[in-house]
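Engineer: First the structure, then my questions, so here it is.
The values are calculated or read from the model by the stated rules, or taken from the named source; none is laboratory data. This structure is a prediction, so every number in the text was calculated from the model and none was measured. Glycine also receives a Cβ, built like all others from the backbone with ideal geometry; neighbour counts cover every protein chain displayed. In case anyone asks, the SASA skips ligands and DNA or RNA and just uses the protein heavy atoms, side chains included. Shrake-Rupley method; radii C 1.70, N 1.55, O 1.52, S 1.80 Å.
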Amino acid sequence: MFKTRLAALVLISLLAGCASNPEDEVTPIRPAAEIYQSASDYLSSNSYELAIKDLEELETYYPFGEYARQAQLDLISAYYGFDQFDEVVSTANRYARLHPGSEQVAYVTYMKGMANFGRGRGFITNTVNLDRSSRDASAIYQAFSDFRTLLEEYPDSKYADDARQRMIYLRNELAQSELHAAEFYIRKGAWLSAAKRARYVVEQYGRSDQLEKALNILERSYKELKLDNLVKEVKTIRKDNGL
């Protein structure tokens, strides 16, 4: 019995010693207002990495506090400034899901488009000597979709004009991408595949600067395929568009 009690006392003593070990103590959490002010200062000075650290801390310890909603919006800005485009999209989606009626949903939708625009930057800036037909254009397709959603749901927002201009630019880029693929198929003699790509440009990006080039490819492909009725159709489209 004595040995049992002695063992129990030793165990309690060891546990007490561990609990009082300074290295095991949790660092006290800063007040939410202090963390947010620090994050705001970093954000104002474009110190995005430090701002992100503070804002993520704020979200971790004060997820439902008075600063929580604004912290999400600021995180979107900080992630974007630090080129963390995947985090911009995920945070924007989370904000829209948690606050569907917020007037800031227009902003987060715009920032989703900007993030996807940024993710597609490598594709967009490729030189003409590179074969873009083999490169992934999914990010710029998504950016185009995001900006279109913004214009459809928030046509009067302050982001609408910029989104509209970016859509014009992206429409031309997407059309050019499709035509690069069409030209690749032409070199392979795959006329049906080339025609499909060119026709997609005519139907989806008819207002782009690439329309005439698409019609040229389409007409040539139909001639090679001996589809005379479709050749006539292309001529009609030319006439209707003054080409």
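Engineer: Return the residues of segment 179-233 that are in contact with an Asp or Glu (Cβ under 8 Å, 6 or more places away or on another chain), in contact (Cβ under 8 Å) with a residue 24 or more places away in the chain and β-branched (Val, Ile, Thr); say none if nothing qualifies.
Structural biologist: 201, 217
Engineer: With respect to residue 76, determine if the residue is assigned to a helix (DSSP H, G or I), modelled with pLDDT of 95 or more, touching a Ser or Thr at 6+ places or on another chain (Cβ under 6 Å) and not small (Gly, Ala, Ser).
Structural biologist: So residue 76 passes the test.
Engineer: Taking segment 205-232, which residues are loosely packed, with under 15 Cβ neighbours inside 10 Å and assigned to a helix (DSSP H, G or I)?
Structural biologist: Those that are loosely packed, with under 15 Cβ neighbours inside 10 Å and assigned to a helix (DSSP H, G or I): 212, 223, 224, 228, 229, 232.
Engineer: Within segment 11-30, is there a residue that is in a helix (DSSP H, G or I) and at pLDDT 90 or above?
Structural biologist: For segment 11-30, residues in a helix (DSSP H, G or I) and at pLDDT 90 or above: absent.
Engineer: While we're looking at this one, here's another question. Suppose we keep only residues that are in a loop (DSSP other than H, G, I, E, B) and under 23 Å from residue 211 (Cα atoms) within segment 135-178. Which one would you say is least open to solvent (accessible area, probe 1.4 Å)?
Structural biologist: 137
Engineer: Okay, next question. Restricted to segment 179-203, and to residues that are within 28 Å of the chain's Cα centre (by Cα) and within 15 Å of residue 223 (Cβ to Cβ), which residue is surrounded by the most Cβ atoms within 10 Å (Cβ to Cβ)?
Structural biologist: Here the residue is 198.
Engineer: Next question. Inside segment 70-89, can you point out the residues that are among the aromatic types (Phe, Trp, Tyr) and surrounded by 19 or more Cβ atoms within 10 Å (Cβ to Cβ)?
Structural biologist: Result: 79, 80, 85.
Engineer: Right, next: At pLDDT below 95 and open to solvent by 80 Å² or more (accessible area, probe 1.4 Å), is that true of residue 67?
Structural biologist: No, not satisfied.
Engineer: Tell me, yes or no, whether segment 41-53 has at least one residue that is modelled with pLDDT under 95 and either open to solvent by 30 Å² or more (accessible area, probe 1.4 Å) or under 24 Å from the mean Cα position of the chain (by Cα) (or both).
Structural biologist: Taking every residue of segment 41-53 in turn, none turns out to be modelled with pLDDT under 95 and either open to solvent by 30 Å² or more (accessible area, probe 1.4 Å) or under 24 Å from the mean Cα position of the chain (by Cα) (or both).
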